[in-house]
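Since every read-out is calculated from the coordinates, none of them should be taken as a lab result. Being a predicted model, the structure only gives us computed values, none of them experimental. A quick note on method: Cβ atoms are made from the backbone with ideal geometry, for glycine too, and the neighbour counts reach across all protein chains shown.
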Amino acid sequence: MRDIRIGPVHFFSLVLMFELGTALVVNVGMEAGRDAWIAIFLGCLVGMLIYTGYNYLFKLYPDLPLSGYARAILGKPLGAVVVTLYAVIFLNGAGRDMRDGSALLVMAALNRTPIMIVAAMMILSCGYVLHKGLEVLARTSFIIMIFVLMIGGVITLLMLFSGEMEWSRILPMLGDGIKPVALSVIRSNYMFPFGEVFCFLMLMPYIGDKKRAVWIVPSAILAAGLIISYTALVNITVLGSDMVERSPFPLLSTVSKAALSDFIQRLDVLVVMLLIIGVFFKVAVYYGAAVIAISDLFNLPYRTLIIPSAIIILFSGMLDSRSFVEHLEEGGEMLTFVYPVFTIVIPAILIIVAAFRNYRSRSRPG
């Protein structure tokens with residue numbers, strides 16, 4: 001995989017599509033009520049701050065993925081354990097996002113289709129693109145990004161002209177104080193979706209322009225934060241914070257209110273398309289990160305791991321819980337207690353050890 005080179009623009013679009021994922025259509029940050037859009041933006045800033053540490057590791061080891069420099073920093077035995085844990089969490093992330101997307105899609109549009117069939121089609125499409133290569137996935141993300149932005153522009157214009165937006169619904173801002181916003185950021189908003197970008201530590205060595213690479217991911221995080229925050233703002237101004245909090249698909253409810261006389265109606269299909277697109281890129285990136293980690297750790301060919309990994313993702317995602325409610329509860333616990341270990345704790349240890357070793361090597365005579 002050493003010959004893989006992804007252009008900066010394509011890598012930016014891949015990160016952006018991953019970050020948007022399902023966050024566009026679900027009720028993100030609603031612990032903060034009508035200030036959810038503020039909580040989302042603050043979570044975005046925290047995600048950018050966390051990524052500065054990742055950039056330090058990338059500058060030290062620009063040609064190695066996380067699976068490579070973890071073993072270089074911690075030693076092969078301990079590093080192999082860390083890489084194995086990351087491979088497991090990547091597979092788990094792909095499985096959980098596949099389950100999320102399949103369940104949401106069945107509830108929104110395919111209520112007579114077995115969820116297993118939807119999930120199998122999703123993982124097969126992701127596996128096919130990854131078999132073609134990471135460059136194909138990145139180039140596809142650029143085309144889809146333009147399409148998604150066009151859909152967003154259409155929805156925005158329709159909401160403005162339909163007269164459904166009432167800005168008084170977001171007032172007073174911070175009326176309940178900063179505490180609900182801070183709690184929302186700490187519990188979930190900085191991690192979903194912004195903290196999940198740690199999986200790109202496996203993909204950053206394949207950026208063609210290493211000098212511009214350090215700015216690509218933070219820029220994509222900021223762009224995603226602004227888009228998701230704006231989407232939450234629109235949902236609240238149209239539906240009100242109470243209805244957004246109760247709705248599993250607030251954007252679907254918002255768009256259903258957009259109608260210009262009897263000419264333009266029933267735009268729900270746009271939201272369903274956004275859901276399918278978001279789930280595809282979320283699963284594909286986690287899936288690809290897992291395959292790269294396993295391939296690098298065991299020195300196995302990349303493409304031979306596509307099918308076994310797909311089987312693991314499919315069955316682990318579908319069998320991890322007995323119901324969708326239980327699945328969501330487990331997801332909330334993982335975002336609070338498990339993912340921070342891989343997003344903050346282990347990278348912080350790698351940074352400290354790498355900085356100490358770098359300092360010692362510089363301080364030696366000669």
Query raised in the report: So what's the gap between the Cα centers of the range 320-361 and the range 136-183, to the nearest angstrom?
Result: 28
Requested in this report: For the range 157-168, take each phi angle, set θ = phi - 60°, evaluate the Karplus expression 6.51 cos²θ - 1.76 cosθ + 1.60, and give the result in whole Hz per residue in order, putting x for glycine and proline.
Outcome: 4, 5, 5, 5, 7, 6, x, 8, 7, 10, 5, 5
**Report entry** Relative contact order %, the chain, counting alpha carbon pairs below 8 Å whose residues are six or more apart
**Finding:** 40
Query raised in the report: In degrees between 0 and 90, to the nearest 10, how far off the longest principal axis of the chain does helix 268-298 point, with axes built from Cα atoms?
Result: 10
Requested in this report: Could you point to the residue in Met318, Ile344, Val148 farthest towards the positive end of the chain's charge dipole, with +1 and -1 charges on the Cβ of Lys/Arg and Asp/Glu respectively?
Outcome: Ile344
Report summary line: Restricting to lysines and to Cα separations under 25 Å from Lys76, and discarding same-chain partners fewer than 8 apart, the set is Lys59
Report summary line: In whole Hz, the Karplus estimates of ³J(HN,Hα) for the range 226-241 (6.51, -1.76, 1.60; θ = phi - 60°; x where Gly or Pro) are 5, 5, 5, 5, 5, 4, 4, 4, 5, 4, 5, 5, 8, 9, x, 5
Requested in this report: Grab the other residues whose beta carbon is less than 14 angstrom from that of Gly225, score K and R as +1, D and E as -1, and report the net.
Outcome: -2
Query raised in the report: Amide H neighbours of Ile207 under 5 Å, counting only residues 5+ apart in sequence or on other chains, H built in-plane at 1.01 Å?
Result: Ile6
Report summary line: In degrees rounded to 10, the 0-90 angle between helix 76-108 Cα long axis and the longest Cα principal axis of the chain is 20
Query raised in the report: Over the range 111-184, how many percent of alpha carbon pairs lie in each 5 Å bin up to the one with the longest distance?
Result: 3, 11, 9, 10, 11, 13, 15, 13, 12, 4, 0
Query raised in the report: Where does each of 222-228, 349-355, 250-256 land if you order them by average Cβ count within 10 Å, highest first?
Result: 250-256, 222-228, 349-355
Report task. With θ set to phi - 60°, apply the Karplus curve 6.51 cos²θ - 1.76 cosθ + 1.60 along the range 201-212 and write out the HN-Hα couplings as whole Hz, x wherever there is a Gly or Pro. Result -> 4, 7, 10, 4, x, 8, 6, x, 9, 5, 5, 8
Report summary line: For the chain, longest principal axis from Cα atoms; helix 306-319 axis from its Cα atoms; angle between them, nearest 10 degrees, is 50
**Report entry** Packing rank of 204-213, 87-96, where each peptide gets the mean count of other beta carbons within 10 Å, highest leading
**Finding:** 87-96, 204-213
